[in-house]
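Working notes, beginning with the structure itself.
Quick note: the coordinates plus some simple rules give every number you see, no bench work behind them. These numbers were taken from a predicted model, which means no experiment stands behind them. No Cβ is skipped: glycine too gets one built from the backbone with ideal geometry, and neighbour counts run over all protein chains shown.
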Amino acid sequence: SDPRIESVVAVYTGKGSMGSGFYILPDVVLTNWHVVDKSKFVEMKRFDRHETFGRVMVKDVRLDLALIKVQERGVPVRFRTRRTVDLGATVEAIGHPFRREFSITRGIVSTVREEKTINLPRGGGEPVLYIQTDAPTNPGNSGGPLFLGDEVIGVNTMGIRADVGEGQNFAVHYSEILRFIEETFPGYRARMAGKEKTS
């Protein structure tokens with residue numbers, strides 16, 4: 001009954017791995033670079049159980065993001081456009097932890113911080129802006145959306161596990177995501193992606 005889940009897909013690369021993704025345009029899905037890795041084509045499944053295929057269009061290793069052109073159209077998310085996110089705000093992650101498909105977990109925004117990417121040797125490149133949260137995420141959540149209400153504020157990307165208790169989880173900040181999308185689709189409208197075409 002949660003309409004946000006209709007925008008989320010399961011992503012399969014054919015190597016036995018599974019991640020998450022979500023529509024940012026009716027025919028384009030966003031996910032993590034480490035989910036698609038070197039794959040040129042991926043399989044996807046939607047919440048309504050429809051299966052579809054996609055072609056990887058563009059990737060950014062430092063940001064750990066990738067865009068996929070999809071055969072079957074879906075419902076795009078809305079991104080947050082306000083400049084700030086309140087610490088302590090309740091957020092929800094949607095994905096497929098340990099292959100438990102289309103699961104929703106909840107937590108709070110712990111902080112917003114810059115960290116070195118984990119995908120380049122010795123953390124090369126410019127730091128990446130992340131939203132740190134205690135919303136539980138696990139293998140299979142990678143590439144899925146982090147929601148604040150009905151707006152996406154991040155892409156769930158990595159976690160630091162603790163020996164005892166919950167670890168720290170990180171989502172790429174929406175400002176980084178929007179810049180990445182706009183490099184491919186100039187004029188992309190974050191709040192109207194499902195209603196208006198990009199230029």
Worksheet item: Cβ under 10 Å from P127's Cβ, P127 left aside: what net charge do those residues give with Lys, Arg +1 and Asp, Glu -1?
Response: 0
Worksheet item: For V58 and E6, FRET efficiency with R0 = 30 Å and r from the beta-carbon atoms, rounded to 0.05?
Response: 0.75
Discussion item. Ignoring GluC sites (Glu not before Pro) that are buried or in helix or strand per DSSP, and keeping those with at most 13 other beta carbon atoms within 10 Å, what is the longest stretch of the chain between them?
Written reply: 1-165
Item to complete: With only Lys, Arg, Asp and Glu charged, each at its Cβ (+1 for the first two, -1 for the last two), find how big the charge dipole of the stretch 19-98 is about the Cα centre; round to the nearest 20 debye.
Response: 260
Discussion item. Going Cα to Cα from K38, which aspartates and glutamates come in below 15 Å? Please leave out same-chain ones fewer than 8 positions away.
Written reply: D60, D64
Worksheet item: Can you give the extra length, in nm with one decimal, that the chain gains between D27 and I108 once fully stretched, where that is 0.36 nm per residue apart less the Cα-Cα distance?
Response: 26.1 nm
Worksheet item: Within straight cross-link reach of K15, meaning Cα distance under 16 Å, which aspartates and glutamates are found once same-chain residues fewer than 8 apart are removed?
Response: D37, E43
